[in-house]
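To keep things clear, I will list the structure first and then write my remarks on it.
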Amino acid sequence: RYQRRVRESVRANMSHTTSRLSAFSILLSACAASIPLATWDGASGTTFKFVELNDPVMGGQSSGTFTVNASGKFGIFDGEVKDVPSLKAPGFIKTAGDGAFPDASSTLGGDMVLTVRSTTASYAGFRVSFAAGTVSPSYSCAGGGSIPFSRGCFKAKFSVPAGDDWSTIRVPFTSFSDKWSPATGEHTAECKDDADVCPTAKSLAGIKRVEIWAEGALGKVHLEVQSVVAEQSSSLMALETKRPPAAYDSCTAAVQESLAFNISTRMDTFGGGSAAESMAESVCCDLRNKLRAEPQFLFEAPDIQLFAQLDNGVHTFYDSVCGVPLFRAPVNRTLAEFEADTNEHGWPSFLSLIHI
């Protein structure tokens, strides 16, 4: 394969290390596993004013409030969702906070994590949304992609267990979609079926609004919210990196943490003796997988989306173990040509080796 020829070329040019290149294991500066987005503790950068909004459509009768318990440092979302009389269907209430939220791009492929508790845990219409990449967050979060220029408000459902204790609710970013019905809140397209509706690293880097909804189900609502956080995938955070056995380990050190484009969240796909290794360790270092590569077209996965994250400049790609620069791309071709070559092979098409 093309990528294997690249790897052998790299090995020949790296006499001071025995590590092999995973063509897509690109080094990224260390990033936090957890990015607080919204809190009610007065912390700078995560404390925003949240305002409660009621269903205004055709005589909607749902109503609610949002207040802050200053001593307890949490928000209180309270109200009731009632039928819209003219529609004979449930309306909504929501609370929304606007501002420049922290960059959460490093958590793509992970989860939005809510720390909450509720005395109405049986309520079936809890949802959370965030807006990014839109000129008007309020407009996008009213239209759900169903009206012109209303894309960019990503919504997902969540539920809350009964009990008086705080619960940690993980909502995978892959369960969000920016196409949903403004009448019901239900998705009209799913991320698992259409990558175009999925959050991207770019959208997570520029969150402008966070909302919590009670929608599409009748009933009283009482939800207390301590924090909204973006986190890397729980599997990555719990992962104890396992290197190949010494007899099969061709790397001089472990693969670095926090590789770009979510690669650090991926585990070995080959099974057998390397099943407990990360994909980067398995492909880069394990001699038993010398003739293998990461899955074809991995760069198109919804939580990776390589070309959606690259601008028109020249990018440097690094060895995933020792961090030395290996390739620059695109060189002597456009980004579109780089993407076309990559799509032809199914793996990133690096043509410009940096001599070291």
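Take every pair of alpha-carbon atoms less than 8 Å apart whose residues are at least six positions apart; their mean separation over the length of segment 96-228 yields a relative contact order of 40 percent.
Near Ser34: Cβ cut-off under 14 Å, other residues only, Lys/Arg at +1 and Asp/Glu at -1. The net charge is -2.
The share of accessible area on segment 241-335 that comes from carbon and sulfur is 51 percent, using a 1.4 angstrom probe. Remark: relative contact order (the chain) = 22 percent; criterion is Cα-Cα distance under 8 angstrom and separation of 6 or more residues. Using a probe of 1.4 angstrom and keeping all protein chains present, the accessible surface of segment 110-192 works out to 42 square angstrom per residue. Listed by chain and number, the aspartates and glutamates whose alpha-carbon sits under 15 Å from that of Lys290, ignoring those within fewer than 8 places in the same chain, are Glu8, Asp249, Asp268, Glu277, Glu281. Against the chain, whose longest principal axis comes from its Cα atoms, helix 2-12 is set at around 60 degrees. Applying a DSSP loop filter and a limit of 10 other Cβ atoms within 10 Å to the trypsin sites (Lys or Arg not before Pro) in segment 280-312 leaves nothing. Helical runs (DSSP H, four residues minimum) scored at -39500 (n - 2.57) apiece and divided by the length of the chain put the mean residue ellipticity at 222 nm at -3500 deg cm²/dmol. Remark: spin-label model distance Thr120-Leu335 equals 4.5 nm, labels positioned 7 Å along the Cα→Cβ axis. Considering only Leu204, Thr119, Leu310, whose Cα is most displaced toward the positive end of the charge dipole of the chain, charges sitting on Cβ of Lys, Arg (+1) and Asp, Glu (-1)? It is Leu310. Evaluating 6.51 cos²θ - 1.76 cosθ + 1.60 at θ = phi - 60° for every residue in segment 120-131, the Karplus couplings come out as 10, 4, 7, 4, 9, x, 5, 9, 10, 9, 9, 10 Hz, glycine and proline recorded as x.
With a threshold of 19 Å on the Cα-Cα distance, the over-threshold entries among Lys49/Lys208; Lys82/Lys155; Lys88/Lys179 are Lys82/Lys155; Lys88/Lys179. Between 0 and 90 degrees, the angle of helix 335-345 with respect to the longest Cα principal axis of the chain falls at about 70 degrees.
Computed 3J(HN,Hα) for segment 293-306, one whole-Hz value per residue from the Karplus formula 6.51 cos²θ - 1.76 cosθ + 1.60 where θ = phi - 60°, is 9, 4, x, 4, 6, 4, 4, 9, 4, x, 8, 10, 6, 3, glycine and proline marked x. Under 5 Å between amide hydrogens, built in the peptide plane, is the criterion, and for Ile207 it picks out Phe101, Ala104 among residues at least 5 positions away or on other chains. Were the residues from Trp166 through Glu186 laid out at 0.36 nm apart, the gain over their Cα-Cα distance would be 4.5 nm. The slack between Ser250 and Asp83, meaning 0.36 nm per residue of separation minus the straight C-alpha distance, is 53.7 nm.
The values are calculated or read from the model by the stated rules, or taken from the named source; none is laboratory data. None of the values given here were measured: they were computed from a predicted structure. Please note: Cβ atoms are built from the backbone with ideal geometry, for glycine as well, and neighbour counts cover all protein chains shown. For the accessible areas, the whole protein counts, side chains as well, though only heavy atoms, and no ligand, DNA or RNA atoms are used. Shrake-Rupley method; radii C 1.70, N 1.55, O 1.52, S 1.80 Å.
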